[in-house]
Amino acid sequence: MKILVIGSGGREHALCWKLNKSTKVKEIFAAPGNAGTAMIAENVDIAADDLTALKDFVIKNKVDLTIVGPELPLTLGIVDEFEAAGLRVFGPSKAAAKLEDSKVFSKEIMDKAGVPTAKYRRFTDVTEAKAYAEEEETHGHPLVIKADGLAAGKGVFICTSLDEAFLAIDTIMSDKVFGSAGDSLIIEEYLSGEEASFIAVTDGKTVLPFATSQDHKAIYDNDEGPNTGGMGAYSPAPVVTSTLEETIMRDVMLPMVKTMADEGRPYKGILYGGIMIVDGKPLVLEFNCRFGDPECQPLLMRLKTDLVDIIEATIDDRLSEITLDWDSRDALCVVMAAEGYPEGYEKGQVIEGLDKVECCDVFVFHAGTALKDGRVVTSGGRVLGVTALGDGIRSAIETAYKAVEKISWAGNHEDGGAYYRRDIGKKAL
Ligand code: AMP
Ligand code: GLY
């Protein structure tokens, strides 16, 4: 089989890596890919949101199956376009991907499905949003302010003062830092608890949960500082007990998939619920229409089932025939980012030490990397996802961090330009 993976992050490198293990796969293309995917796939210089060029490439090269990594092409309707052209593609339709594309839409579906989530109000006017923030602030809880649309994980602000709330509202709606994603915003009730990522695959009827996982969204240790796309992840996440997993399936995933079908937006593909566990009960923070990044890296390192079988069964509405098998070991991914991320950062630094870390229990997934004069250089904010398997989380942490310490790149900063959190997996101990 010839497969095209769309995207260029750690998630997409992990997808290529896992597909490469399938005996069914003959050739992999990655568009646009990164220096990591280039080692196992042929990188194709087409942007992930250039739907026409992607479709032309697939037709011309007789690609049998396209797997869409990031949300943007999904929300632009790549699946609809490919299906209309008779092409096999994995992911939700545009109508279904709206669950991630609009927080307001997602809340409305959650309400219809009876799925527990934080209370919220929607605003399209700066003055009204600020007036509401002023009123809410008197209750003494942090204010959660979110751009309605896609903002690469950076459109959510947890504000502990009115000044911060006003700044967030201005950033989203007046300065339009996230473009039209900030045409409207929501102000949401603050939920205090522990977070987990609940990732499942569904063909619109059967919902198969992946192993549990947990991300680390904040840039600094102890979950401090602004949110990022994710600074590290591990699986399994002990906070999601088997009882809680059953509750999430019963109260969240199954009702969402059923309600989306009832609404004429049948959901097929990966459904990822960001869950806050408050007093043992799951409340949904958001839905994503694709694999989490970096959660995908530890999950795929643990997945024993052939990914092609899972994807083909999803497309062909026979997911009920599939069982997911998992490596019983723990997997943990530490993201190495460019100093300065999620704000400004340098690019083009040569990455040293990559050749020193490969062994059977650790794999370095590339995210923002590129090849320049035959060398691997940094080309994005999140650069690498160093992922290790271990007997128990402690061993996975040790192996991952040992590998991280061997990798570096130069920069104008004293610690060599690479930044990573030192506490990934600590919550599982
Ligand atoms: P989201 O993109 O909506 O998942 O939000 C990004 C991150 O912001 C989440 O992973 C949480 O860490 C935090 N967050 C979002 N909504 C809330 C909330 N209502 N209460 C507390 N934290 C939140
Ligand atoms: N790791 C969070 C996300 O993929 O949205």
Practice task
Write down the Å³ per residue value for the convex hull defined by the alpha carbon atoms of region 87-240.
Solution key: 148 Å³
Exercise for the section: With viscosity set to 1.002 mPa s and temperature to 20 °C, compute the Stokes-Einstein D of region 209-362, Rh being the Kirkwood radius across alpha carbon pairs; µm²/s, no decimals. Expected result: 121 µm²/s
Practice task
Give me the distance in nm between label points sitting 7 Å out from Cα along the Cα-to-Cβ direction at residue 1 and residue 246, one decimal.
Solution key: 3.4 nm
Exercise for the section: Give the distance, in whole Å, between the Cα centre of region 189-251 and the Cα centre of region 117-146. Expected result: 25 Å
Practice task
Run the quick spin-label model on residue 119 and residue 405: label points 7 Å from Cα toward the beta carbon, then report their separation in nm to one decimal.
Solution key: 5.0 nm
Exercise for the section: Would you compute the Debye intensity of region 267-331 from its alpha-carbon atoms alone, equal scatterers and no solvent, and pass along log10 I(q)/I(0) at q = 0.28 Å⁻¹ to two decimals? Expected result: -1.17
Practice task
Could you pull the Cα extents of region 36-83 along its three principal axes, largest to smallest, in whole Å?
Solution key: 30, 23, 16
Completion exercise
Dividing the surface of the Cα convex hull of the chain by four yields a projected area in nm² of 19.8 nm²
Fill in the blank from the handout: Across 13, 216, 141, the residue with the highest GNM fluctuation in the chain (Cα network, 10 Å cutoff) is 141
Completion exercise
Quick calc: nm separation of the 7 Å Cα→Cβ label points for residue 375 and residue 360 -> 3.4 nm
Handout entry: All aspartates and glutamates inside 12 Å of residue 426 as judged from Cα atoms, apart from same-chain residues fewer than 8 positions distant
Key = 215, 221, 223, 398
Problem - Relative counts (whole %) of C-alpha pair distances in region 368-429, using bins that are 5 Å wide - result: 4, 15, 23, 22, 16, 11, 7, 2, 0
Exercise for the section: Kindly flag which residue pairs out of 107/258; 24/62; 154/406; 154/217; 26/62; 347/372 have an alpha-carbon separation exceeding 20 Å in this structure. Expected result: 154/406
Completion exercise
re region 163-266: pairs of Cα atoms spaced beyond 25 Å account for a percent value of 43 percent
Fill in the blank from the handout: With a Förster distance of 25 angstrom and the Cβ-Cβ distance between residue 167 and residue 127, calculated FRET efficiency to the nearest 0.05 equals 0.95
Fill in the blank from the handout: Taking Rh as the Kirkwood radius computed over alpha-carbon pairs of region 25-144 and applying Stokes-Einstein at 4 °C with viscosity 1.567 mPa s, one gets a diffusion coefficient in µm² s⁻¹ of 74 µm²/s
Practice task
Quick one: go through region 226-259 and flag any residue whose amide nitrogen is under 17 Å from the point 7 Å out along the Cα-to-Cβ line of residue 177.
Solution key: 226-230
Handout entry: Alpha-carbon centroids, region 271-305 and region 1-77: separation in whole Å
Key = 22 Å
Exercise for the section: Can you check what the Kirkwood hydrodynamic radius comes to for region 79-176, Cα pairs only, in Å to one decimal? Expected result: 15.4 Å
Handout entry: Potential lengthening between residue 160 and residue 327 on full extension [0.36 nm per residue; Cα-Cα distance subtracted]
Key = 56.0 nm
Completion exercise
Here, region 216-294 modelled as identical Cα point scatterers in vacuum has Debye log10 I(q)/I(0) at q = 0.22 Å⁻¹ of -1.18
Completion exercise
Long-range alpha-carbon pairs in region 294-404, meaning those over 16 Å apart, account in percent for 65 percent
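Here, each number is a calculation from the coordinates, and none is a lab measurement. Just so it is clear, the structure is predicted and the values come from calculations on it, not from any experiment. Methodologically, a virtual Cβ is constructed for each residue, glycine included, from the backbone with ideal geometry; neighbour enumeration extends over all protein chains shown.
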